[in-house]
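Working notes for the structure below.
The values are calculated or read from the model by the stated rules, or taken from the named source; none is laboratory data. Remember, predicted model here, so these are calculated numbers, not experimental data. Methodologically, a virtual Cβ is constructed for each residue, glycine included, from the backbone with ideal geometry; neighbour enumeration extends over all protein chains shown.
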């Protein structure tokens, strides 16, 4: 399975990158029910930072994102597995498929982390650029305001008829 296909099955929930139990089961080529039974038999290997069950609200929100119908699909609230939980699940299943898929999934997580770090560097650079350009804009605005005041003041002073005359005066 390609990394891009796996990455599409990774969601961010509660600040964690996770894969749902049904997606993992499909990748490991077992039924979701069988997969979840194996997990429940070994539940002590899955602390909360490895696996958690979604709330109803999270599930509804996720359903709307992945566009599943209310009739089809799962009728239970799924479990979400973090990268560490996925590795632990593969060790429980012990099949060749689970091992291969686990390696592919871990690689997908690594690629996501690389992308995220590059993305954060770009954001820092954009903020820096915005700050520098923002300061220039503020300086330019002040310059334009000063020029505008000077031009307005000069226009007011050039009222030739009302100005005080200097030099030889004929009206005495």
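Below are the figures for this structure:
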| read-out | value |
| --- | --- |
| Lone qualifier among 93, 172, 112, 129 - being farther than 30 Å from residue 2 by Cα and modelled with pLDDT of 70 or more | 129 |
| Search result, residues across the range 5-19 that are free of Cβ contacts under 8 Å to residues at least 40 places away in the same chain and either part of a strand (DSSP E or B) or on the phi < 0 side of the Ramachandran plot (or both) | 5, 8, 9, 12 |
| Answer residue from the range 20-35, given it is part of a helix (DSSP H, G or I) and free of Cβ contacts under 8 Å to residues at least 40 places away in the same chain and is nearest to the chain's Cα centre (by Cα) among those | 23 |
